[in-house]
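Pasting a structure below so you can have a look.
The values are calculated or read from the model by the stated rules, or taken from the named source; none is laboratory data. Not measured: the values here are computed from a predicted model. Positions of Cβ are generated from backbone atoms using ideal geometry, with glycine treated the same way; all protein chains shown enter the neighbour counts. Remember, those area values only see protein heavy atoms, side chains included, never the ligands or the DNA or RNA. Shrake-Rupley method; radii C 1.70, N 1.55, O 1.52, S 1.80 Å.
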Amino acid sequence: MVRTELSGEAIRLARILVAMLPRQPEARGLLALTLLTDARRAARLSGEGELVLLEDQDRSLWDAERIAEGLELSREAAAGGPAGPYTVQARIAAVHAEAASAAETDWERIVRLYEWLVELAPGPIVELNRAAALAMRDGPETGLQLIDAIEGLDDYQPLHGARANLLSRLGRNQESARAYERALSLDPNPVERRFLERRLGDL
């Protein structure tokens, strides 16, 4: 299956799960997360097939119908009982969806949600995402310190890409270049490789 088909299949299966478990808030949280994630699909690549980061995406390309359904489901899931990891992730996606622009994103709320998610589903990737959110709220130095304290992700390409971005924002271009080179050494897919090479070339 291509990625579009996989996304559609994930949404279909999540709908079945909600139908089978109508009183289970986490099933609604999962469906909300899949809808809100898929809603941004058309904006993730440029017309030339280049990766576009969330902060740079044309939000007019987001699927308004899926966002509306995802937001409603995420609210229902959050109100339905103790929230699980899918519901918290859906609420994070909802904060992004509710922002009219990247500049209007409520990073304070996102940080609080990631702190909640760390308690529910601790792990290095959740810690990485929390660090990225804290970098947006408190600045790149804070994010970099947290990323450098994460263990177990030395071979995880997104960690090195995130480090490279933060180092670049701090003006530490030589260190940023080394971090981009490390990310490139971890065999990213062709779209990610072009993105990382472009960022490296911009230093």
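Could you point to the residue in ILE125, GLY139, LEU31 farthest towards the positive end of the chain's charge dipole, with +1 and -1 charges on the Cβ of Lys/Arg and Asp/Glu respectively?
LEU31
Further question on the same structure: Sort 160-171, 28-39, 49-60 by the packing proxy (mean of other Cβ within 10 Å over each peptide's residues), most packed first.
On the way: 160-171: 20.2, 28-39: 25.5, 49-60: 12.3.
Ranked from most to least packed, the peptides come out as 28-39, 160-171, 49-60.
Now, a different point. Please report, largest first and rounded to whole Å, the three semi-axes of the ellipsoid equivalent to region 46-120, where each semi-axis is the square root of five times an eigenvalue of the C-alpha gyration tensor.
Here the semi-axes work out to 24, 15, 11 Å.
Now for a separate question. In bins 10 Å wide, starting from 0, what share of all Cα pairs of region 1-88 does each bin hold, as a percent?
18, 43, 29, 9, 1
Using a 7 Å offset from the Cα along the Cα-to-Cβ direction at both VAL52 and TRP116, what is the distance between the two label points in nm, to one decimal?
Between VAL52 and TRP116, the simple spin-label model gives 3.0 nm.
If you don't mind, another one. Kindly rank 151-157, 130-136 from highest to lowest mean number of other beta carbons found within 10 Å of each residue. Provide the component values of the computation, followed by the final result.
Details: 151-157: 13.0, 130-136: 21.3.
Result, highest mean first: 130-136, 151-157.
For region 72-115, count all C-alpha to C-alpha pairs, find those more than 16 Å apart, and express that count as a whole percent of the total.
35 percent
Above 18 Å lies some portion of the pair distances; for region 62-177, what is it as a whole percent of all C-alpha pairs?
56 percent
Lys/Arg Cβ at +1, Asp/Glu Cβ at -1, dipole of the chain taken about the Cα centre: which of ALA164, TYR180, TYR86 is farthest positive-ward?
Result: TYR86.
Still on this structure: For region 30-128, which whole percent of the accessible surface, found with a 1.4 angstrom probe, sits on carbon and sulfur atoms?
Carbon-and-sulfur percentage of accessible area, whole number: 54.
How big is the Cα convex hull of region 124-203 in projection, averaged over all directions, in nm²? Can you show the working numbers first?
Working: hull surface 18.9 nm².
Computed as one quarter of the Cα hull surface, the answer is 4.7 nm².
For the chain, state the average projected area of the convex hull of the C-alpha atoms over all orientations, rounded to one decimal in nm².
Computed as one quarter of the Cα hull surface, the answer is 11.7 nm².
I've got another one for you. Per DSSP helix of 4 or more residues, -39500 (n - 2.57); summed, then divided by the residues of the chain. What does that give at 222 nm, rounded to the nearest 500?
-22000 deg cm²/dmol
What is the distance in Å between the Cα centres of region 35-56 and region 79-109?
18 Å
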